[in-house]
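Undergrad: Mind looking over this structure? Questions follow.
No lab work stands behind these numbers, since they all come straight from the coordinates. Computed from a predicted model, the values in this text were never measured in an experiment. Cβ: placed from backbone, ideal geometry, glycine included. Neighbour counts: every protein chain shown.
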Amino acid sequence: MTPIEIKNKIFWVGAVDWNLRDFHGYSTEKGSSYNSYLVLDEKTVLFDTVKKPFLATYLANIRQIIDPSKIDYLVVNHAEMDHSGCLPEMVKIVKPEKIICSRMGEGAIKAHFHESDSWPIDVVDDGAELNLGKRRLRFYEVKMLHWPESMISYLVDDSVLVSNDIFGQHFASSGRYDEDVDFAELMHQAVKYYANIVLPYSPLVQKLIARVGELGLKFDVIAPSHGLIWRNHIGDIVSAYDRWSKNVAKRKALVIYDTMWHSTEKMANAVADGLISEGVEVIVMSLGVSHRSDIMTEVIDSRALIFGSPTLNNGILPRIADFLTYLKGLRPQDKIGAAFGSYGWGGEAVKIINEYLESMKIKLVDDGVKVKFVPREDDLKKCFELGVKVAKALKD
Ligand code: FEO
């Protein structure tokens, strides 16, 4: 992909990964990109690198603009290897005067790259400023967005924020800007990224938004490390982050289930009918066909999460266990929930799901419904009534 000047000698020089389909268990059906940015000034700066297999493409991009050995500073906003994968090679090629990172970044770099003891690591404090010649560069720590050492870089005189993982999307595209792709798809990929990566750190997103306001930072461009660069829809993505991080949810219910012989599936549909009868927006998702990361995307604006699993070997079906484990790590807040499922003899699944939900502080609205083998008419009525009960709880 050809490099582009995004503003006043600030260039995108990253790599597009069209074929990425899995990122730590997150389905990246649109691929991704690893965005790196080059700033030409009296001091030339390269922000982050790209995933290791893309070194050749990356270097070719940089060489279209400058001989890499002329770069003065490497900025490591984040040590995760999708951004630092080419760092050792770039250090050898660039021979940088400084490798700039946060205090925790130094430890993270050293723990990843054992040859880094001889590197010219320059730790910057939160809020530190560096004069590049015609412009100033400022660094802000954003601990846990996405890792403890994460920081963002702000080109003060250009109003350009190099935001690293924040505001990213796993979205490979030929265009580089937010207006180059379908807006609905862009926001879908942005919320999917938020739900699967940023969600546990929502309180820190709120702090960051408040801090940006206090500092009076203005953004003409937000340049994340994945996906499209924001310049036409900055207000949309910042207000979306505000909404998502405040756990603003709708009167919407997700019915998430897996099934062995369709009994639990019949129950899921009856629960959904009960919710729909009360005017609730419902999405029914089978783990047999839906990826965990797509279900997470729907979790964001759903107030109710209702789970169905038959009992298998005194437990729950593996895909339900997988999703509940994944969900727990992503720490959803302010949800209500319930469980249902068929069984043959033990019937432990509903109890196990309830325990999972309680461990996530998801408020149970009912003890749940379980049905021996195949549901009869009156069993499905109980499931319908469970849906109605959840719907009524959503009104409260
Ligand atoms: Fe895109 Fe946390 O790395």
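Undergrad: Quote the Stokes-Einstein diffusion coefficient, in whole µm² s⁻¹, for region 166-231, based on the Kirkwood radius over alpha carbon pairs, a temperature of 4 °C and a viscosity of 1.567 mPa s.
TA: 102 µm²/s
Undergrad: Run lengths n ≥ 4 of DSSP H only: what is the helix-derived mean residue ellipticity at 222 nm for the chain, with -39500 (n - 2.57) per run over all residues, to the nearest 500?
TA: So the helix-based figure for the chain works out to -10000 deg cm²/dmol.
Undergrad: With a 10 Å radius around each residue's Cβ, average the other Cβ atoms per peptide and rank 360-373, 277-290, 203-216, highest first.
TA: Details: 360-373: 17.6, 277-290: 16.0, 203-216: 13.6.
In descending order of packing, they fall as 360-373, 277-290, 203-216.
Undergrad: A follow-up question, please. Beyond 18 Å, what share of the Cα-Cα pairs of region 64-141 remains, rounded to the nearest whole percent?
TA: 40 percent
Undergrad: Any idea which of Pro318, Cys383, Gly133 is furthest toward the positive side of the dipole for the chain, if Lys and Arg beta-carbons carry +1 and Asp and Glu beta-carbons -1?
TA: The residue sitting farthest along the positive end of the dipole is Cys383.
Undergrad: Which of the peptides 297-310, 376-389, 156-169 is most tightly packed, and how do the rest follow, going by the mean number of other Cβ atoms within 10 Å of each residue?
TA: 297-310, 156-169, 376-389
Undergrad: Measure out, as a whole number of angstrom, how far apart the alpha-carbon centroids of region 69-106 and region 179-253 sit.
TA: Using only Cα atoms to place each centre, the spacing works out to 26 Å.
Undergrad: If you wrap a convex hull around the alpha carbons of the chain, what volume per residue comes out, as a whole number of Å³? Present the calculation step by step, with values, prior to reporting the outcome.
TA: Details: hull volume 54.6 nm³, N = 396.
Hull volume normalised by residue count: 138 Å³.
Undergrad: Report the Rg/Rh value for region 103-153, based on alpha-carbon coordinates and the Kirkwood definition of Rh.
TA: 1.02
Undergrad: Then there is this: With θ taken as phi - 60° and the coefficients 6.51, -1.76 and 1.60, list the Karplus ³J(HN,Hα) couplings across region 166-182 in order, rounded to whole Hz; mark glycine and proline as x.
TA: 5, 6, x, 8, 7, 7, 7, 7, 7, x, 10, 9, 4, 7, 7, 10, 4
Undergrad: Contact order normalised by length for the chain, with contacts defined as Cα pairs under 8 Å and 6 or more residues apart; what percent is it?
TA: Dividing the mean separation by the residue count of the chain yields 12 percent.
Undergrad: If you don't mind, another one. Could you check what % of the DSSP bridge pairs in region 250-395 are antiparallel, to the nearest 5? Intermediate values should be presented prior to the final figure.
TA: Working: 2 of 25 bridges.
The antiparallel fraction comes to roughly 10 percent.
Undergrad: What does DSSP give for region 4-245 in terms of the percent of beta bridges that are antiparallel, rounded to the nearest 5?
TA: So the antiparallel bridges amount to about 65 percent of the total.
Undergrad: Next question. Give me the tail of P(r) for region 15-81 as a percent: Cα-Cα pairs with distance above 19 Å.
TA: Numbers: 867 of 2211 pairs.
Percent of Cα pairs beyond 19 Å in region 15-81: 39.
Undergrad: Lysines near Lys381 by alpha-carbon distance under 16 Å, same-chain residues fewer than 8 away left out - which ones?
TA: Lys266, Lys370, Lys372, Lys389
Undergrad: Jot down the per residue volume, in cubic angstrom and as a whole number, of the convex hull over the alpha-carbon atoms of region 250-395.
TA: 87 Å³
Undergrad: Here's something else I'd like to know. Structure shown: which of Lys192/Lys328; Lys52/Lys207; Lys30/Lys218; Lys192/Lys218; Lys134/Lys207 lie over 23 Å apart, alpha-carbon to alpha-carbon?
TA: On the way: Lys192/Lys328 17 Å; Lys52/Lys207 33 Å; Lys30/Lys218 30 Å; Lys192/Lys218 26 Å; Lys134/Lys207 31 Å.
Among Lys192/Lys328; Lys52/Lys207; Lys30/Lys218; Lys192/Lys218; Lys134/Lys207, the Cα-Cα distance tops 23 Å for Lys52/Lys207; Lys30/Lys218; Lys192/Lys218; Lys134/Lys207.
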